[in-house]
Amino acid sequence: MPVTATLMPATVLDAVHRELIDQLMNTAAPAWFAIADDEETALLAALDSDAARDYLASGCATVDGAWRVFDLLSPLDRSTATPSQAAAVAAVLALAACALNMREHGAAHLGQVQDIDAQHPFVELILTEWDRNADAQSFRTAAAAALGAGTAEV
């Protein structure tokens, strides 16, 4: 049977964005150590890409990774971020908080996402998990699946 529907191409993760995220996630500096201004600017720019956002979110698949993501994004100065960048940061923070069983923090960040973009894909993901009373491990599993949701690696 021939395919009649248009197939959506997978979003490709840019190699530069991947390298930046890997560098920031695997740095020898303590997780709470603020990143440099140029790295912050580059990370915010990278988060304009859904593929980069999903790749960073996939770091929440483990407890250590979720802490690293949470500690990396929490101190970011979002005053210069575009609405899509601010929504991406808040969405990944919400997922990280839920993956760490910090629902109050997750709810606060989710509220920020909803204020910017109520249709953001992570809003539905998090609300669905909350509706089924998911535990932190379920959020880590959802984070692990974030990379596979339409994102191809280079």
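The values are calculated or read from the model by the stated rules, or taken from the named source; none is laboratory data. Since we're looking at a predicted model, the values are computed, not measured. Positions of Cβ are backbone-derived with ideal geometry, glycine not excepted, and every protein chain shown enters the neighbour counts. With ligands, DNA and RNA removed, areas are computed over all heavy atoms of the protein, side chains included. Shrake-Rupley method; radii C 1.70, N 1.55, O 1.52, S 1.80 Å.
When you look at G111, is it modelled with pLDDT of 95 or more and not β-branched (V, I, T), yes or no? When the stated conditions are applied, G111 passes them.
Taking segment 16-35 as the range and being among the hydrophobic types (A, V, I, L, M, F, W, C) and either open to solvent by less than 60 Å² (accessible area, probe 1.4 Å) or at pLDDT below 90 (or both) as the test, the residues that pass are L20, I21, L24, M25, A28, A29, A31, W32, F33, A34, I35.
A quick yes/no check of all residues on (1) basic (K, R); (2) open to solvent by less than 20 Å² (accessible area, probe 1.4 Å); (3) under 12 Å from the mean Cα position of the chain (by Cα):
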| position | (1), (2), (3) |
| --- | --- |
| A87 | no, yes, yes |
| A97 | no, yes, yes |
| L100 | no, no, no |
| H109 | no, no, yes |
| V113 | no, yes, yes |
| P121 | no, no, yes |
| T128 | no, no, no |
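Residues of segment 61-82 that are closer than 12 Å to R140 by Cβ and open to solvent by 60 Å² or more (accessible area, probe 1.4 Å): T62, V63, D64, W67.
Criterion applied to A108, A46, A51, A42 was being out of contact with any His (no Cβ under 8 Å at 6 or more places or on another chain) and within 20 Å of L13 (Cα to Cα), and the one residue passing it is A42.
Note on segment 42-89: among residues that are in contact (Cβ under 8 Å) with a residue 12 or more places away in the chain and of a type in the set (S, T, Y), the one that is farthest from A145 (Cα to Cα) is T80. When you scan segment 36-52, do you find a residue that is at pLDDT below 90, assigned to a loop (DSSP other than H, G, I, E, B), open to solvent by 30 Å² or more (accessible area, probe 1.4 Å) and not aromatic (F, W, Y), even just one? There is at least one residue in segment 36-52 that is at pLDDT below 90, assigned to a loop (DSSP other than H, G, I, E, B), open to solvent by 30 Å² or more (accessible area, probe 1.4 Å) and not aromatic (F, W, Y).
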